[in-house]
Ligand SMILES: Cc1cc2nc3c(=O)[nH]c(=O)nc-3n(C[C@H](O)[C@H](O)[C@H](O)COP(=O)(O)OP(=O)(O)OC[C@H]3O[C@@H](n4cnc5c(N)ncnc54)[C@H](O)[C@@H]3O)c2cc1C
Ligand code: SF4
């Protein structure tokens, strides 16, 4: 472990610069994006048969594009949303950030329906990482074997150890800041922890009073200037897109380097189908809409990275003669086992001013309740992190308690006195929590996704336990009143990976069992979700898949 | 330009605080978005006159903007109307609810219908107490159906849109002590009980 610290602190600047080339490709001046990169971007024609067409430029899609471009592949990444310029497109304002979210029509159903939109998915280059909070914990080793260990969920077709080098590499590429991590597989982080704001301070105080270990981090926010990325200014608008470039999003961590190595990112291109040869043996490219016209991009390989709702929807919408139930859906798995974490939030009232809106909303975490505890009446567990709702979100929080009118205004005027904690509860994968095609159609004439979600008894028990722990922590910190609301966070699953075609849509290398040159490289491949925020794990899985793909084809890009 | 919230029982906790005092420290793109909310709002495009009458009274109740009519208000009605006219919704809708625009129209008509059935006149004509009782009834029906819509989802639709509009407005920030935009300057003084020079202390701390 000491060797690892030494390597982190004494490692050569050049190695860091090579690995994190994107951070040096951002402008050195006050601008946040180099439009020259876009002007110089390589552009392919639809008729060119490129090595790979990637659908979606979020966490998974951008990492894949960067890796493959580096290895000399011809890459076209088709992204439904725009190419963001943080200077002119993003604002330091909660109400003005609506355009960052995926707000195409969707239907939600089931006994516990999950609101989507701003709570779950982004669009544009960077995908959901543009407005994600930047928490970057690893999954625990136990997450890969919950079926064997706890009799619930599913075993992954790969082991934690196989992913560890990729976790480490992505942590350095974002880079992640935090204290030494004692949970799961204990490990250090490349950047020192950030100072905490009032909300994090309250959390640390309450946890200490109860003897619950808590740590600062891990967040994908540079501590100190990093390349041409400035230091965080602690303004608290991470969920509105970081105008500073301090918080990682693939727009600044992987896209610039991908462009510099010849990848094309074609924006405002909505992919409507993956095409195959007449026998359905090979993917041959994608059909997409751009400027109101239909195009076809030919490709030797296709990777779908549209996230847990749009990826299954696209495969289902790509049904053909060979796959009448949807592409790669021979075993009725596409769209099934979609998961969200139970994310109740508890706010506590303090006599002092907390001013939770300052500092990044993600600050402090405890993973003390992450693993199955035989003494508790449920399997698996939860993590607790602090979240810091800005006024609109906090008003929704108070309104969800039933307050309105004068009552609501009174609570809101007390805003600066409240601290909020959020739990991430591992809810179990269930076959009927799924994405199907609704009768309703969108602007493009395509059937929209219907996402049905219902909790099971174990889910309810975990959420209840998390709520108790959060209320205890806040009371121990001195809260005079606590309020808890039910919510969900994060989406994964829908095209789970498995050991064989009966248990998964894709294998551990993210290749679909049904069509060998069709990959799924996003959050939809996760078989279980743990109690960790998913982006780091999504990126590590895609990094590993890219590495395996490249080595199979003989072009190299090795783990440092 | 008004400096404190012009309506409701407010303004006593951060009496001299005005987020706009710091506007010169904001980036121009953010400033433009915030100042737009202080400008004259576009004419209504989505709500028809009958809907306008109900919605306007409903928003005043939900957000306790109950001052005399000549007092300025946070233009919640206009802000929600713009969102609906521009289709700026969150996209999703519950399977047992129509999409947001349609849900707004139907729920406003339903409220008017309740007023006529119980009091023989339209919602906007009722006293505030009677209006409040009708609105409260919808909240109390949670879990049941109201005019063929799930009452709790209607309630959530109303409060979500109302809160999103109201708390996007600098007048609302002033009464809660929130400084609004913070780019490029950001914050240096972090932690419990610590303030920047331009953050004002709570003058009348009082648990709600
Ligand atoms: C408010 C919020 C906070 C979050 N906070 C955290 C956090 O702190 N830590 C964490 O780990 N995770 C967080 N997440 C979740 C995280 O951002 C996602 O899990 C992750 O980005 C998913 O990666 P992905 O590659 O699967 O999809 P995405 O990053 O969503 O990328 C998918 C991309 O595909 C595009 N696309 C979809 N369909 C098509 C199509 N048909 N044609 C073309 N393009 C298409 C979309 O526009 C999008 O850009 C948060 C999410 C939200 C919403
Ligand atoms: S708090 Fe830091 S990381 Fe978050 S948006 Fe502001 S500058 Fe970026």
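Per-residue mean of foreign Cβ neighbours for A:94-103 is 4 (Cβ atoms of other chains, 10 Å radius). Beta bridges assigned by DSSP with both partners in chain A are antiparallel in approximately 70 percent of cases. Each stretch of four or more DSSP H residues adds -39500 (n - 2.57); spread over every residue of the protein assembly as shown, this sum gives -9500 deg cm²/dmol at 222 nm. Name the shape class, rounded, prolate or oblate, that the alpha-carbon gyration tensor gives for the range B:39-168, where a ≥ b ≥ c are the square roots of its eigenvalues, rounded holds for a/c under 1.5, and otherwise prolate holds if a/b is larger than b/c and oblate otherwise. Oblate is the answer for the range B:39-168, as a/c is 1.5 or above yet b/c matches or exceeds a/b. Sorting A:425, A:475 by the number of Cβ atoms found within 10 Å of their own Cβ, with the fewest placed first, yields A:475, A:425. Counts of other chain beta carbons within 10 angstrom of each beta carbon in peptide A:231-243 average 3. Taking the number of Cβ atoms within 10 Å of each Cβ as an exposure proxy, the fewest-first ranking of A:457, B:60 is A:457, B:60. For A:41, A:339, A:270, the sequence from fewest to most other C-beta atoms within 10 Å is A:41, A:270, A:339.
Once the Cα atoms are used to define both axes, helix A:457-476 deviates from the longest principal axis of chain A by about 40 degrees. Using only Cα atoms, tell me the angle between helix A:59-70 and the longest principal axis of chain A; keep it within 0 to 90° and round to the nearest 10. Taking the Cα atoms of chain A, the angle to A:59-70 is about 50 degrees. A protection proxy built from the mean count of other Cβ atoms within 10 Å ranks the segments A:76-82, A:190-196, A:307-313, most packed first, as A:307-313, A:76-82, A:190-196. Taking chain A as the reference, fit the longest principal axis to its C-alpha atoms, fit the long axis of helix A:535-552 to the helix C-alpha atoms, and give the angle between the two in degrees, 0 to 90, nearest 10. In chain A, helix A:535-552 runs at an angle near 30 degrees to the longest axis.
Over the whole of B:158-168, what's the average partner chain Cβ count within 10 Å per residue? Rounded to a whole number, please.
Partner Cβ neighbours, averaged per residue: 6.
Every number in this text was worked out from the coordinates using simple rules, so none of it is lab data. These numbers come from a predicted model, not from an experiment. Quick reminder, even Gly has a Cβ in these numbers, built from the backbone with ideal geometry, and neighbours come from all protein chains shown.
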